[in-house]
Amino acid sequence: MSFDVSVAVTWILFLALFPMAFFWLRRAWRIAVDKDFSEVALKRGLPPVNAGKYAPYEAAINLVAGSVACAVILGVLAGELEYNTWTAIAGSTIWCKFFASFALSRHAHPFLFGRKA
């Protein structure tokens, strides 16, 4: 029996969906329900001064990404999604979530020209 890299990468992607979905949904819960804005639009580990302004957007990003990841997990386990379909959905979700969170964090921390007080 030989080692097949594509099978290993497929298993890594599928198993990685579980903790990602958990953390994304937990983060959405903390922001929306617990009103904990300490993880909203982080840049260099610090939230913006007005984190409450960006909290609904961050919660929505995490809720959508976590929900899609859960749907993919359930679809794979139920046998409803083919390989090419679920890997495309999972990969697109991961990248879109990272890009959206990055864009929100950069928008929440504007670049200041001139002297810093």
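With respect to residue 61, is the statement that it is touching a Lys or Arg at 6+ places or on another chain (Cβ under 7 Å) and among the β-branched types (Val, Ile, Thr) true? Let's see the steps before the verdict.
Details: touching a Lys or Arg at 6+ places or on another chain (Cβ under 7 Å): yes; among the β-branched types (Val, Ile, Thr): yes.
So residue 61 fits the description; yes.
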Of the conditions (1) without any contact (Cβ under 8 Å) to a residue 40 or more places away in the chain; (2) closer than 19 Å to residue 102 by Cβ, residue 79 clears all except one; give me its number.
(2)
Considering region 60-117 alone, what residues qualify as being assigned to a loop (DSSP other than H, G, I, E, B) and under 23 Å from residue 30 (Cα atoms)?
109
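Go over the candidates 112, 63, 42, 77 one by one and state the one that is out of contact with any Ser or Thr (no Cβ under 8 Å at 6 or more places or on another chain), of a type outside the set (Val, Ile, Thr) and surrounded by 14 or more Cβ atoms within 10 Å (Cβ to Cβ). Working first, answer last.
Details: 112 fails: surrounded by 14 or more Cβ atoms within 10 Å (Cβ to Cβ); 42 fails: out of contact with any Ser or Thr (no Cβ under 8 Å at 6 or more places or on another chain); 77 fails: surrounded by 14 or more Cβ atoms within 10 Å (Cβ to Cβ).
The unique qualifying residue is 63.
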Hey, among the residues in region 11-39 that are assigned to a loop (DSSP other than H, G, I, E, B) and of a type outside the set (A, V, I, L, M), which one's surrounded by the most Cβ atoms within 10 Å (Cβ to Cβ)?
37
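Going by what's in this entry, would residue 91 be described as in contact (Cβ under 8 Å) with a residue 24 or more places away in the chain, surrounded by fewer than 14 Cβ atoms within 10 Å (Cβ to Cβ) and small (Gly, Ala, Ser)? So that I can check it myself, show each step before the final result.
Values: in contact (Cβ under 8 Å) with a residue 24 or more places away in the chain: yes; surrounded by fewer than 14 Cβ atoms within 10 Å (Cβ to Cβ): yes; small (Gly, Ala, Ser): yes.
Against the criterion (in contact (Cβ under 8 Å) with a residue 24 or more places away in the chain, surrounded by fewer than 14 Cβ atoms within 10 Å (Cβ to Cβ) and small (Gly, Ala, Ser)), residue 91 qualifies.
A short reminder: the numbers here are calculations on the coordinates, not readings from a lab. Predicted, not measured: the structure shown is a model, and the values here were computed from it. With ideal geometry, Cβ positions are generated from the backbone for all residues, glycine too; neighbour counts draw on all protein chains shown.
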